Amino acid sequence: MHAPKPKRSSSVRLYGINEIFPLQERLLLLIINLSMAVPKLSTVTKTAQFAAQAIKSNATRTLKHNGQFPVVRMMDKRFASSTSGTKTITVRDALNAGLAEELDRDDDVFLMGEEVAQYNGAYKVSRGLLDRFGERRVIDTPITEMGFTGLAIGASLHGLKPVLEFMTFNFAMQAIDHIVNSAAKTYYMSGGKQPCNITFRGPNGAAAGVGAQHSQCYAAWYGSIPGLKVVSPYSAEDYKGLIKAAIRDPNPVVFLENEMAYGESFEISEEALSADFVLPIGKAKVEREGTDITLVAHSRSVKFCLDAAEVLEKEYGVKAEVINLRSIKPLDVNSIIESVKKTNHLVTVEAGFPAFGVGSEICAQIMESEAFDYLDSPVERVTGCEVPTPYAKELEDFAFPDQEVILRASRKVLGL
């Protein structure tokens, strides 16, 4: 009997010589050797064969492969109903439903990553998908981000639609050459002849006590790359509607999730529960209407802005407008401009580092637009601290913006 395979910790990363010096030739030889030595093909080898078979086959799909399972069948619990006719679900379940719907809708879509299949996902986002769609569509990989990212991009260039899960986007740094130089640039470098429909998804930014190397926000990193679309959802509705949009988009999409958000519950409309519900990439949402100050944020920072807005109204009578960006690239600059024209004050909020961040780009866009003439005070940026994220909880809490930091910035802008 073989000893049970040890599970990989989501908070510990061991860097071996193969990852310090990643060589594509070494990975190729490893895959070839494994496929020759073991009678049963590895999931990586089977994925490569799956891609090759899909290229050769142009047969029309049947109902056997498309739309035969209702999405609610894979849920292991019912959504909680509220008195307003909406439902309350977690971000985890919203993501799960969106992935299931797209796998059901299109036979070219497949999910791939570490522990996504037999373990139901490191964060249980892919719970039940292996049982429903099988190992041809939900594929476990070895711990080699460079290897399986290159493989998935190759499959995408041949017409498939991979959804690639990183256990955290910090680990995607092992594969950033593939993401930036292969996925993002091939369409342009091929003269518009070779699209790359692929979705890169996984937790982004800080969680809790995972240290400096597992806590970085990559919104500004990927947002600066031509050829990539970058989304950063906040609510369950955002996650469900945007993951479906990302999978359907013909461009490579970086889908930045948040580990702390997976277990958070949100009300979601009946419309959003429909399999036809898709949110547009590049369009922000006004989460709270206001007339006195605009708070712009993405991901979990939106929650802190909403909390701060309630305090501002209760203590100062200030009505803050809260904008949930949803999309980092393309950035919905027009929505921000229109809000600033109404409120005359702007605060940007993000958990990333202060230099060259999303807030910096918003400031530049406002300075270069007609909105600048409507400002009654300078734009204030609220960001994470200029320091590698501390491991100690007491220090970690000081490293990221919260409600009180946003209130302090708002009072400064308003002169309160």
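Things worth noting here:
- Cross-chain or 6+ apart pairs with Cβ under 9 Å, region 151-175 first and closer than 10 Å to PHE110 by Cβ, then in a strand (DSSP E or B) and of a type in the set (Lys, Arg): ALA155/LYS161; VAL163/ARG201; LEU164/ARG201
- Any hit, region 264-276, residues being assigned to a helix (DSSP H, G or I) and closer than 15 Å to LEU95 by Cα: yes
- LYS229 vs. criteria of a type in the set (D, E, K, R), under 23 Å from VAL333 (Cβ atoms) and assigned by TED's automatic domain parsing to the domain that holds LYS161: yes
- In region 216-236, residue nearest to the chain's Cα centre (by Cα) [restricted to those that are part of a loop (DSSP other than H, G, I, E, B) and over 16 Å from ARG326 (Cα atoms)]: GLN216
- Boolean, THR168 is at pLDDT below 95, crowded, with 21+ Cβ neighbours inside 10 Å and not aliphatic (A, V, I, L, M): yes
- Tally of residues being free of Cβ contacts under 8 Å to residues at least 12 places away in the same chain and part of a loop (DSSP other than H, G, I, E, B) across region 348-377: 1
- THR389 fulfils the conditions (1) hydroxyl-bearing (Ser, Thr, Tyr); (2) modelled with pLDDT under 95; (3) surrounded by fewer than 19 Cβ atoms within 10 Å (Cβ to Cβ) except for a single criterion, (3).
- For region 316-330, the criterion of being in the same structural domain as GLU404 (by TED's automatic domain parsing), of a type in the set (Phe, Trp, Tyr), over 17 Å from TRP221 (Cβ atoms) and crowded, with 18+ Cβ neighbours inside 10 Å is satisfied by no residue at all.
- Some residue of region 102-110 being under 15 Å from the mean Cα position of the chain (by Cα) and over 16 Å from SER235 (Cβ atoms): no
- Filter result for the condition that a residue is out of contact with any Pro (no Cβ under 9 Å at 6 or more places or on another chain) and surrounded by fewer than 21 Cβ atoms within 10 Å (Cβ to Cβ), over GLY227, GLY209: GLY209
- Here is the figure for region 378-416: residues that are touching a strand residue (DSSP E or B) at 6+ places or on another chain (Cβ under 7 Å) and not in a helix (DSSP H, G or I) total 5.
- Residues in region 294-336 that are assigned to a strand (DSSP E or B) and touching a residue at least 40 places away in the same chain (Cβ under 8 Å): THR294, LEU295, VAL296, ALA297, ALA320, ASN324, SER327, ILE328, LYS329.
- Flag if TYR239 is in contact with a helix residue (DSSP H, G or I) (Cβ under 6 Å, 6 or more places away or on another chain), under 22 Å from VAL286 (Cβ atoms) and in a helix (DSSP H, G or I): yes
- When the residues of region 344-373 are filtered to those that are buried (at least 22 other Cβ atoms within 10 Å of the Cβ) and more than 27 Å from the chain's Cα centre (by Cα), the one that is farthest from CYS305 (Cα to Cα) is ALA371.
The values are calculated or read from the model by the stated rules, or taken from the named source; none is laboratory data. Remember, predicted model here, so these are calculated numbers, not experimental data. Quick reminder, even Gly has a Cβ in these numbers, built from the backbone with ideal geometry, and neighbours come from all protein chains shown.
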